[in-house]
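Heads up: the structure comes next, in C-alpha cells.
The values are calculated or read from the model by the stated rules, or taken from the named source; none is laboratory data. Quantities reported herein were computed from a predicted structural model and do not represent experimental measurements. Cβ placement follows ideal geometry from the backbone for every residue including glycine, while neighbour counts extend to all protein chains displayed. Heavy atoms of the whole protein, side chains included, go into the accessibility calculation; ligands, DNA and RNA do not. Shrake-Rupley method; radii C 1.70, N 1.55, O 1.52, S 1.80 Å.
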Amino acid sequence: MHSTASRRTASGRSSVVESIKGFTFAGVRISKEDLRRRITMPEYLRLAIREAIKNKDVNTVRRHLDMAYAAGAEIPQPAEAPIIVFINSKSGGRHGPQLKARLQELMGEEQVFDLSDVKPHEFVQYGLSCLEKFAALGDSCAKVTRERIRVVAAGGDGTVGWVLGCLGDLKKQGREPVPPTGIIPLGTGNDLSRSFGWGGSFPFNWKSATKSILDRVATGPINRLDSWNLLISMPAGEKLETPHSLKPTEDASLDQELEIDGELPKKLSNYQGVYYNYFSIGMDAQVAYGFHHLRNEKPYLAQGPISNKLIYSGYSCTQGWFFTPCSSDPCLRGLNNILRLYVKKVNSSKWEQISVPSSVRSIVTLNLPSYGGGRNPWGRLKPEYLEKRGFVEAHADDGCIEIFGLKQGWHASMVMVELISAKHIAQVSAIRFELRAGEWDEAYMQMDGEPWKQPISKEYSTFIEIKRVPFQSLMVNGKRN
C-alpha cells in the first residue's frame, strides 16, 4: 500500500490530468461521419419514437412503419450501436445548451432528449414500447435496434440515478434487455461518473471529446452496479418535503423478522426510493440542505462545479460543524441521542443492533468507492485489517454497503483529503435506522445528493430500512484499456 501522502499527490495529479485530457484518448481519431452512421437510428424509428412520446400513445405511429416498408422503399437497416441521450441542459453551467447542440449534430436530433421536455420514464413507457410494438409486428430492424440500444445520461449524479431508476422499471416489467448506460459528467461531484471511468468533470476540449465519449458508449464493456431500496415509515400527519427520488407508497412494509420495540401509531406514512451511491443522516446532510436552498434562492451564485464547491465549503463553515465539540447546542451533538442502528452483516440472515459511537455527527452508507467528488472515505484497507474486522474488499457490485461515521468538521475535512479514514462502523447487506426525537424534532438526511428535513416524533419512532434491489443496473465502462 502506498503512503497516504503519495496517494494524495497521485490523486490530485490524476484529477488534473483527467480534466486536461478530457477523454481525447491520445492516438484515437474518430470520423464524425462514421460515428453518425454507427449510432443513428433509421429515420422512421426516430420519428415514431418522438411522436409516441409526444402523443403518449404507441398506437398512433403505425404509419411510420407502413411508410418504411412501402412497395419500392429500401429495406431499413438497424444501426450498429444506436444511442439515446438524456441531457440535463441546466447542468454544467454554460456548457449544457452547447453540448446538447453538439450531440444533436453527431446523431439524429430526435435521439437527444432534454430532461426539461422529456422524462426518462416517458421514453421507457412510450419510446421503447414503440420499438417493441414494431418488433411484435414483424419489423426486424426495430427488434435489433431495441436489443442493441444504449443510453447516455448527461448530467450530475442525480440525473444518472434518475435515468437508471426508470430503466430499472424494464426489469420489473419483464421487458428485457435493459439498455446499459454511459455518462457525460455535468454535475459537481460526479461520483457515479468517476466510478465507471467517465471522469470527474466536463472536459475542456468538449467538442472533440464528445465524439470520443459517444464512441466509447457504443463499444465499451459492461459493468454491474448494485442499487439500494430505501423505505421511510413514519407517523402519519407530519409534512415531508420529499426529493424527487422519494415517492409515497402504500405497498411497502418493514421487514417482519426484526421486531419493533414499542407501539406503532394507528396511521403510518411510507416513502420509498432507490439510491446508487450514498444515503446519510446528520451534519453533512444539514450542510447539503442549506446549500441546496441557498442555491435555489440565489442561482446566480452557482454558475458551475468550481463555484458550487467554493460556496459549499464556505457554507459548511457557517453551520457550526467545525465547532461541535465546543458547542452546547443539542442539535450538534452525537447521533446516538436519537438513533438506533440495526444491520444484517455480510453472509448473515439475522438482524443485530450495532452501537453508534457518541462522537459521530454524521452516518453515511456508501455503495461506491467515490464520495464527495472522488474521495474514498472508507479507505483502501489492508488485507489484515479486513480480516480482523470481518470485512471484504468493497466493490460497487458486491451486494454489500459500507457504513461509516464522520465526527466534527475537522475530522470530516481530514477524511475528505484522505489523510485518515472515516470511522468504520460496519459492512452489511441490510440496514434499519430507528429515530426518536429527544431535544431534536427533526433530522437532516440526503440520498445521492438530494437533501431533505425529516420530522421525528417523541412519541413514536421513524424507521428507515435499506435493502439491496434484487437486480443490478448495467453501466458502460468508459475507461480505455
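Over the range 159-234, the Kirkwood radius and the radius of gyration, each from Cα atoms, give a ratio Rg/Rh of 1.03. Across the range 160-176, computed HN-Hα scalar couplings (Karplus, 6.51 cos²θ - 1.76 cosθ + 1.60, θ = phi - 60°) run 4, x, 4, 5, 4, x, 5, 5, x, 4, 4, 5, 5, 8, x, 9, 8 Hz from first to last residue, x flagging Gly and Pro. Looking at the range 144-224, the chymotrypsin sites (Phe, Trp or Tyr not before Pro) that sit in a DSSP loop and have at most 16 other Cβ atoms within 10 Å of their own Cβ are PHE204. For the range 428-474, the solvent-accessible area with a 1.4 angstrom probe is 35 square angstrom per residue.
When the charge dipole of the range 196-295 is built from unit charges on Cβ atoms (+1 for Lys and Arg, -1 for Asp and Glu) and taken about the Cα centre, the candidate among GLN256, ILE222, THR242 whose Cα reaches farthest toward its positive end is ILE222.
From the Kirkwood radius over Cα pairs of the range 67-216, Stokes-Einstein at 20 °C and 1.002 mPa s returns a whole-number translational diffusion coefficient of 133 µm²/s. The GluC sites (Glu not before Pro) of the range 31-100 meeting both criteria, a DSSP state outside H, G, I, E and B (loop) and at most 11 other C-beta atoms within 10 angstrom of the site's C-beta, are GLU74. Principal axis extents of the C-alpha atoms in the range 130-262 (largest first, rounded to whole Å): 60, 46, 27.
Over the residues of the range 218-267, compute the C-alpha Rg and express it relative to 2.2 N^0.38 Å.
Dividing the Cα radius of gyration by 2.2 N^0.38 Å gives 1.75.
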